[in-house]
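The values are calculated or read from the model by the stated rules, or taken from the named source; none is laboratory data. Everything numeric here is computed off the predicted structure, so don't read it as measured data. Backbone-built Cβ (ideal geometry, glycine too); neighbour counts: all protein chains shown. Accessible surface is based on the protein model in full, side chains and every heavy atom, while ligands, DNA and RNA are left aside. Shrake-Rupley method; radii C 1.70, N 1.55, O 1.52, S 1.80 Å.
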Amino acid sequence: MAASQKLSHLLQLADQGPALRAALAEEVAELLLNWPSDYPQAMRSICETLLAKAARDVDAATRTRLRVQLYADPELTARVLPRESVAQNLVAAARSGDLQTVLADSLGMEPRMAQQILDDESGAALAVACKGAQIDRAAFSALAILTRPGCDHDGMAAVLDAYEAMPLSEATRVLRGWREPAPSAHVAA
């Protein structure tokens with residue numbers, strides 16, 4: 001499809017209203033990741049703006065799927081899907097005692113899986129979930145401290161080391177598996 005036709009198609013999808021925002025966002029994300037060489041670079045910034053706007057209009061689970069889809073391009077992800085609100089929401093939820101629900105919604109998983117992650121006393125599952133969702137180390141550190149208030153210094157250092165040592169690609173793969181609503185899903189860090 002020619003660049004002008006593709007842009008016209010995407011703008012038509014945008015005009016269809018909130019019902020098609022998720023489809024629009026995923027289609028634009030795919031286009032940005034696999035940018036055709038014959039498309040003008042000026043159109044790329046229009047698509048990024050379109051994706052950022054569409055991402056604000058979709059639910060948390062769709063935003064999470066978009067982050068997973070875009071994980072290969074962290075700079076693009078940072079531009080169109082800023083993380084601060086997710087990290088801030090998770091830390092605020094940990095402070096208020098409602099982390100399970102917010103974690104499930106923010107990471108696009110079943111509440112039961114979020115609870116299994118939080119029940120992992122080693123903290124390794126939370127480290128994998130946060131790393132896979134590209135939640136920065138500072139936010140993860142706050143979550144680790146808030147969810148393990150009695151943890152000693154060595155234990156906390158081990159949790160933070162687990163976050164640092166986990167490769168992003170592996171954490172993303174594991175998190176993707178945790179998002180699958182399978183009856184036999186379990187935490188495997």
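Mind sorting out which of [x] 22.1; [y] 18.4; [z] 17.6 is the real Kirkwood radius over Cα pairs in Å computed from the coordinates?
[z]
Of the candidates Ser45, Ser37, Ser141, which one comes out as most mobile in a Gaussian network treatment of the chain with C-alpha springs shorter than 10 Å?
Per the Cα network of the chain with a 10 Å cutoff, Ser37 tops the list.
Determine the relative contact order of the chain: mean sequence separation of Cα pairs under 8 Å and six or more apart, normalised by residue count, in whole percent.
Details: 199 pairs, mean separation 34.0, N = 189.
Relative CO of the chain lands at 18 percent.
Using Cα-Cα distances under 8 Å and only pairs 6 or more residues apart, what relative contact order does the stretch 1-111 have, in percent?
With pairs under 8 Å counted, the relative contact order is 24 percent.
If the elastic network links every pair of Cα atoms under 10 Å, which of Asp38, Asp119, Asp57 fluctuates the most in the Gaussian network model of the chain?
In the Gaussian network model the winner is Asp38.
As I understand it, the dipole of the chain uses +1 on the Cβ of Lys and Arg and -1 on the Cβ of Asp and Glu, about the Cα centre. Which of Val128, Gly150, Pro36 lies farthest toward its positive end?
Pro36
Let me cross-check Tyr163: its accessible surface, 1.4 Å probe, with only protein heavy atoms counted, in Å² to the nearest 10?
Probe radius 1.4 Å; accessible area of Tyr163 about 20 Å².
Would you be so kind as to identify which of Leu66, Val86, Tyr163 lies farthest towards the positive end of the dipole of the stretch 59-189, taking Lys and Arg as +1 and Asp and Glu as -1 on Cβ and the Cα centre as origin?
Value computed over the given set: Leu66.
Treating only the Cβ atoms of Lys and Arg (+1) and Asp and Glu (-1) as charged, compute the dipole magnitude of the stretch 31-189 about its Cα centre; round to the nearest 20 debye.
460
With +1 on each Lys and Arg Cβ and -1 on each Asp and Glu Cβ, and nothing else charged, work out how big the dipole of the stretch 1-65 is about its Cα centre, in Debye to the nearest 20.
Dipole about the Cα centre, nearest 20: 140 debye.
For the stretch 8-121, give the magnitude of the charge dipole about the Cα centre (Cβ charges: +1 Lys/Arg, -1 Asp/Glu; no others), in debye to the nearest 20.
Approximately 280 debye in magnitude.
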